[in-house]
1. Would you work out which of GLY9, LEU381, PHE62 lies farthest towards the positive end of the dipole of the chain? Charges go on Cβ: Lys and Arg +1, Asp and Glu -1.
2. In degrees between 0 and 90, to the nearest 10, how far off the longest principal axis of the chain does helix 41-51 point, with axes built from Cα atoms?
3. Project the alpha carbons of segment 430-477 onto their principal axes and report the range along each, largest first, in whole Å.
4. Going out from 0 in 5 Å bins, what whole percent of all Cα-Cα distances in segment 392-477 drops into each bin?
5. Using square roots of five times the C-alpha gyration tensor eigenvalues, list the equivalent-ellipsoid semi-axes of segment 169-221 in whole Å, biggest first.
6. Hey, can you grab everything whose amide H is under 5 Å from the amide H of MET244? Only 5+ residues off in sequence or another chain; H modelled, so Pro and N-termini drop out.
7. Find the relative contact order for segment 364-477 and round it to a whole percent, using C-alpha pairs within less than 8 Å whose residues are 6+ positions apart.
8. Let me cross-check LEU450: its accessible surface, 1.4 Å probe, with only protein heavy atoms counted, in Å² to the nearest 10?
Amino acid sequence: GRGVYLCRGKVVGGSSCANVMLYHRGSGADYDGWGVDGWRSQDVLEYFKRSEDFRAGEAGEFHGKGGHYSVSHVPYQNTLSKYFLEACKAMGLAPNEDFNDWSHAQEGYGRFHVSQKDGERCSAASGYLQAAEGRGNLEVETDTMITGVHVDGGAARGVRYTKAGVQREATLKEGGEVVLAAGAIGSPHLLMLSGIGPAAHLQEHGIAPVADLPGVGQNLQDHPAAVVSYKIEQKLAVTDEIRMGSFPNPAAFLRWLLFRSGPLTSPGCDHGAFISTTEGEEQPDLQMRFVPAHPSSPDGVSTYTQFGKTWGGRAFQSGFSFQQICVRPRSRGFVRLQSRSPDEQPEISTGYLTDDHDAATIMRGVRMAREIAAQGPFRQLDPEETFPGPGVQSDSDILDYIRSTAHSGNAIVGTCKMGADPSSAVVDKDLRVFGLANLRVADASVIPVLPGGQTAAPTVMIAEKAADLLMGRAAMA
């Protein structure tokens, strides 16, 4: 019954403007495992490369140059992050110079790529939309709420929306299509409001079904996470560089303004590791994100929001943290209607830890984080564990801690699943909604199985391929 904060990017550019900027594709095996024609690893790699402007070295076989989506390393490295790399080496873990290079396994520790250009976030808006401004066929409406898709005669005819309190409708021209890109919460919600979804559920809310698709809103997947945190007396944390006591540090701002570098370029979790916590895992089941800062609570997301709200009002304890993420979860949740009103938020169940595998993965990650914190580079700091605390040692106690503090790694996908069987899938391999003409979905909701990493990169890849599908262009090979 505990609520979990789920960040949604209600801004031009969507959640690419609100995520932690990490650029992870997962592995090639993730896409082969989807089992969808045209979306296997050799198919999607070219779209990843086309989208990318790789700035962290030579492009090579697995990266692209000149695309709209800039990818680089953060132009800053905290001392504690360097200690993390040293500690992983001391533990005997393998280094990984590039987690997006599919010529080798994903396993290892290192620096994570980020979607940045010159020390500044690269989003779908700044990377793609700005380049299209001025086109005669582009119109962006802000302060607008889509309330549903107008369906008639088995085809989408347009979308209904409100603006300035007035209900309006945008109607398709001949040959046009509606493409939903409202994300893994918004897209299934809009489909159900439009009569597209599980028929019995729609009828419960007085909505006449126009397409009975049981998979709409099902198959929700996300990354459940829990932290291990330590406080230290030395002022080494990233928060120590950003603040002077309870106030902003002007030096950090000037460093960014003049040189586009320094702590203000960091999302805080740009170092980490992918780890197989048991021998039976074919791919890493754990992502460990290292944060050179101490949280105000064991819910990692709430710390970010508190930091923003108290920018000039409080000092933060120095320290460091490990965020354990079940990166290939087996648990599933759902999105469904609470009412037929578009103004009422849908019911969301993340399904966190409903499969025991996921909790066990995070528990093993907690133990591994403690081992890393006990290595020489950190041991010399005499760190004091605060979350979950030294008194939490048994499996049952650690699992209780995980269940009471689990939070989102912000990777919600799957609720308009792509596939071949309309009894469970919502869209086909061309992203067309089953049973209806002129309607596609092109966002993270179509991902059948969550790849092992953050979801911005796969979502951009899907959008690149969607552009070819809409234009009738041959698939890249």
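1. GLY9
2. Helix 41-51 sits at roughly 80 degrees to that axis.
3. Cα extents, longest axis first: 32, 26, 14 Å.
4. Final binned percentages: 3, 13, 18, 18, 14, 10, 6, 6, 5, 4, 2, 1.
5. On the way: eigenvalues 87, 46, 17 Å².
In descending order, the three semi-axes are 21, 15, 9 Å.
6. ASN249
7. Values: 98 pairs, mean separation 19.0, N = 114.
Over segment 364-477, the number comes to 17 percent.
8. Number for this one is 10 Å².
The values are calculated or read from the model by the stated rules, or taken from the named source; none is laboratory data. All values derive from a computational prediction rather than experimental measurement. Cβ: placed from backbone, ideal geometry, glycine included. Neighbour counts: every protein chain shown. Accessible surface is based on the protein model in full, side chains and every heavy atom, while ligands, DNA and RNA are left aside. Shrake-Rupley method; radii C 1.70, N 1.55, O 1.52, S 1.80 Å.
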